[in-house]
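Trainee: Structure provided below as structure tokens; questions to follow.
The values are calculated or read from the model by the stated rules, or taken from the named source; none is laboratory data. All values derive from a computational prediction rather than experimental measurement. Here the Cβ is made from the backbone with ideal geometry for all residues, glycine too, and neighbour counts use every protein chain on show. SASA here: full protein model, heavy atoms, side chains in, ligands and nucleic acids out. Shrake-Rupley method; radii C 1.70, N 1.55, O 1.52, S 1.80 Å.
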There are 2 protein chains.
Amino acid sequence: MKRYLGIDIGGTTTKFGLFCENGQLEEKWEQKTRIGDNGVHIIPDIAAAAAEKMEELKKRNREIVAAGMGIPGPMNDAGYVERCVNLNWNNCAPAAGLERLLSIPVFAGNDANVAALGEQWQGAGKDFRNVFLITLGTGVGGGMIADGRIVNGRGGMAGEIGHVSVNPDEVLRCNCGNRGCLDQMASATGIVRNALRLLEQSEEDSVLRTVAHPSARDVADAASAGDALALAALDYCFGFLGKALSIVSHVSGPDLFIIGGGVSGMGELLIRLVERHYRQNMYLSADYAEIRLATLGNDAGIYGAARMAMQNSGV
Amino acid sequence: MKRYLGIDIGGTTTKFGLFCENGQLEEKWEQKTRIGDNGVHIIPDIAAAAAEKMEELKKRNREIVAAGMGIPGPMNDAGYVERCVNLNWNNCAPAAGLERLLSIPVFAGNDANVAALGEQWQGAGKDFRNVFLITLGTGVGGGMIADGRIVNGRGGMAGEIGHVSVNPDEVLRCNCGNRGCLDQMASATGIVRNALRLLEQSEEDSVLRTVAHPSARDVADAASAGDALALAALDYCFGFLGKALSIVSHVSGPDLFIIGGGVSGMGELLIRLVERHYRQNMYLSADYAEIRLATLGNDAGIYGAARMAMQNSGV
């Protein structure tokens with residue numbers, strides 16, 4: 001019986017998932033990612049783990065026929081990685097390397113794109129073919145799925161909504177060099193920065209004044225508990241996210257937005273704030289896209305990687 | 001021998017094109033669009049012209065096997081038109097109507113999307129699968145082609161780049177109700193408005209001061225002839241267009257931008273100005289999309305409509 005292996009390579013751990021064709025996750029495990037020595041151990045380590053699993057499965061009459069990998073950085077359409085700072089990689093072709101070691105077809109993609117595919121396949125986007133995922137973590141990432149497939153885009157740029165400039169009043173520069181990027185506003189870092197700025201500018205009472213180094217979670221918790229200043233900070237930050245979603249609607253018109261990443265842990269409060277701002281920025285049509293929370297959490301990557309293997313291997 | 005009919009319905013004239021499978025335009029003609037009586041004559045008039053051509057072709061052993069139509073307004077994925085102000089239509093399904101009268105498969109789409117498909121198929125985008133068309137005319141429209149097919153988007157919104165807000169300093173409202181839309185900056189109307197504003201604000205000499213009611217063409221001609229103020233006005237307007245293209249790159253990452261519509265008549269000057277601003281706004285990747293002028297002119301619509309018929313009819 002056919003199985004597909006989904007691999008999600010992170011800077012600290014590499015996750016593995018074994019999938020049936022119907023999308024069922026049968027088994028998952030992880031191992032440390034050894035990023036030393038310019039990351040030369042990463043692919044052999046993955047190959048060793050995969051080969052062991054393949055042996056074990058063979059005894060049970062099951063066969064891994066293809067594998068997919070999510071990589072934490074940009075890669076071009078040909079699978080070539082110029083530079084991946086999280087893994088210390090320079091000028092390599094990871095899928096081709098793993099393919100040589102395992103003798104099965106292997107496909108690789110950017111991890112945000114792969115996670116988007118996972119959510120569209122078996123997560124919040126199950127009922128939709130055209131989906132745009134935004135991940136709110138330390139930074140803001142994203143991925144675009146059109147007709148059920150990853151859109152990579154020229155230079156791997158599709159889905160890079162975190163670096164659309166949405167705040168013309170921002171004076172600080174983003175890591176990318178531009179000013180006012182969504183990344184500066186709606187990431188965990190951005191939420192904390194804007195909450196601290198608001199605390200400094202206002203005299204208003206807030207529970208956040210009693211926290212030494214508030215996190216985005218602290219801001220969210222305070223807002224949920226009714227703290228007006230914390231809520232104002234979130235509303236300010238998510239106003240830019242709503243604006244960004246309206247921009248995406250005017251470019252590619254997805255049916256569904258999925259919001260994932262650590263910040264999405266604040267749940268319905270986030271959806272409520274973003275949805276209001278998104279709709280306020282939609283002047284041409286009232287046929288709004290839906291906005292949902294991601295449901296696969298940290299497993300989105302292995303789901304999407306397996307799906308990519310399934311779609312591209314033809315086996 | 002199979003032929004495909006491409007139809008481009010405008011508020012004044014309806015254009016027809018007869019196409020071979022290889023993309024060759026064999027014949028084209030047009031007739032007046034009768035928009036009176038709530039537009040009830042439009043589809044029967046088209047059917048009469050098409051039926052006559054089908055009869056004539058039959059004698060030469062040629063057969064129109066499917067037709068496509070571009071409509072100047074939004075329609076949903078099911079082909080339903082809620083309202084099309086240019087044709088006085090309300091609540092109709094034009095493709096289904098024509099299909100009943102002609103007994104061949106008929107497909108309809110928004111005219112900007114259909115023109116984008118035409119340019120991708122046989123125009124400036126011939127060598128590309130992922131293309132974004134921007135039309136600069138009285139307003140700013142657009143269409144997105146992914147993997148060689150039209151992306152319609154939720155509520156027909158894909159490609160509506162004209163209503164992305166790109167100028168935070170704009171004080172006037174766009175027709176859509178928002179402020180600072182690309183439509184207000186880079187349309188023919190927008191170019192004239194901004195040139196007049198610049199004339200008013202500066203004391204600088206300009207040939208435009210001698211023109212009673214300058215058109216966008218006058219601004220372009222003056223700029224080409226070395227008029228510094230006219231060039232500054234164009235540079236200002238196309239700065240926002242360059243910014244808009246960088247936004248599109250961060251969302252869907254096309255390989256090629258095609259610029260069409262009346263304003264694109266100013267040619268290489270336009271490309272030069274837009275390209276500079278586009279690249280200045282791309283911080284994440286230097287793998288820039290190409291920017292080209294449209295090549296099919298007013299025929300883009302009939303090309304795209306025929307292509308749509310070919311792709312969707314399966315005959």
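Trainee: For B:Gly141, work out the one condition from (1) more than 13 Å from chain A (Cβ to nearest Cβ); (2) within 21 Å of the chain's Cα centre (by Cα) it doesn't fulfil.
Mentor: (1)
Trainee: To continue, here is another question. Scanning for something modelled with pLDDT of 95 or more, open to solvent by less than 90 Å² (accessible area, probe 1.4 Å), part of a strand (DSSP E or B) and over 29 Å from A:Gly139 (Cα atoms), does the stretch A:69-87 turn up at least one residue?
Mentor: no
Trainee: A further question follows. Given the criteria in a helix (DSSP H, G or I), crowded, with 24+ Cβ neighbours inside 10 Å, among the hydrophobic types (A, V, I, L, M, F, W, C) and out of contact with any Asp or Glu (no Cβ under 7 Å at 6 or more places or on another chain), does B:Ala112 qualify?
Mentor: On the way: in a helix (DSSP H, G or I): yes; crowded, with 24+ Cβ neighbours inside 10 Å: yes; among the hydrophobic types (A, V, I, L, M, F, W, C): yes; out of contact with any Asp or Glu (no Cβ under 7 Å at 6 or more places or on another chain): yes.
In short, yes.
Trainee: If you go through the stretch B:157-191 one residue at a time, how many are small (Gly, Ala, Ser) and either closer than 25 Å to A:Asp147 by Cβ or at the interface with chain A (Cβ under 9 Å from one of its Cβ atoms) (or both)? Before the answer, list the steps.
Mentor: Of all residues in the stretch B:157-191, those small (Gly, Ala, Ser) come to B:158-159, B:162, B:165, B:177, B:180, B:186-188, B:190.
Checking which are either closer than 25 Å to A:Asp147 by Cβ or at the interface with chain A (Cβ under 9 Å from one of its Cβ atoms) (or both) leaves us with B:158-159, B:162, B:165, B:177.
So the answer is 5.
Trainee: Among B:Glu200, B:Glu204, B:Glu170, which is in contact with a Leu (Cβ under 6 Å, 6 or more places away or on another chain), charged (D, E, K, R) and either closer than 26 Å to A:Ile247 by Cβ or surrounded by fewer than 24 Cβ atoms within 10 Å (Cβ to Cβ) (or both)?
Mentor: Exactly one residue qualifies, and that residue is B:Glu204.
Trainee: For residues in the stretch A:208-229 being crowded, with 16+ Cβ neighbours inside 10 Å and in contact with an Asp or Glu (Cβ under 8 Å, 6 or more places away or on another chain), which is nearest to the other protein chains (Cβ to nearest Cβ)?
Mentor: Our first condition is that a residue be crowded, with 16+ Cβ neighbours inside 10 Å; within the stretch A:208-229, this holds for A:208, A:214, A:216, A:218-223, A:227, A:229.
Pick out the ones that are also in contact with an Asp or Glu (Cβ under 8 Å, 6 or more places away or on another chain) and you get A:208, A:229.
Working: A:Leu208: 29, A:Leu229: 25 Å.
It comes out as A:Leu229.
Trainee: Sort out which residues of the stretch A:54-68 are out of contact with any Leu (no Cβ under 7 Å at 6 or more places or on another chain) and surrounded by 12 or more Cβ atoms within 10 Å (Cβ to Cβ), and write them in order of number. Don't jump to the end; show me each part of the working.
Mentor: In the first step, residues of the stretch A:54-68 are kept if they are out of contact with any Leu (no Cβ under 7 Å at 6 or more places or on another chain); the result is A:54-62, A:65-66, A:68.
Within the stretch A:54-68, A:Met54, A:Leu57, A:Arg62, A:Val65, A:Ala66, A:Gly68 qualify.
Trainee: Next up: Just one of A:Lys59, A:Lys15 is more than 29 Å from A:Ala158 (Cα to Cα) and basic (Lys, Arg); which is it?
Mentor: Working: A:Lys15 fails: more than 29 Å from A:Ala158 (Cα to Cα).
Exactly one residue qualifies, and that residue is A:Lys59.
Trainee: Of all residues in the stretch B:19-50, count the ones that are buried (at least 21 other Cβ atoms within 10 Å of the Cβ) and in a strand (DSSP E or B).
Mentor: The total comes to 1.
Trainee: Take B:Arg154 and decide whether it is within 11 Å of chain A (Cβ to nearest Cβ), out of contact with any Cys (no Cβ under 9 Å at 6 or more places or on another chain) and open to solvent by 50 Å² or more (accessible area, probe 1.4 Å).
Mentor: Working: within 11 Å of chain A (Cβ to nearest Cβ): yes; out of contact with any Cys (no Cβ under 9 Å at 6 or more places or on another chain): yes; open to solvent by 50 Å² or more (accessible area, probe 1.4 Å): yes.
Yes.
Trainee: Restricting attention to the stretch A:253-284, which residues are within 14 Å of chain B (Cβ to nearest Cβ) and open to solvent by 10 Å² or more (accessible area, probe 1.4 Å)?
Mentor: A:Asp255, A:His277, A:Arg279, A:Gln280, A:Asn281, A:Met282, A:Tyr283, A:Leu284 - these are the residues of the stretch A:253-284 that are within 14 Å of chain B (Cβ to nearest Cβ) and open to solvent by 10 Å² or more (accessible area, probe 1.4 Å).
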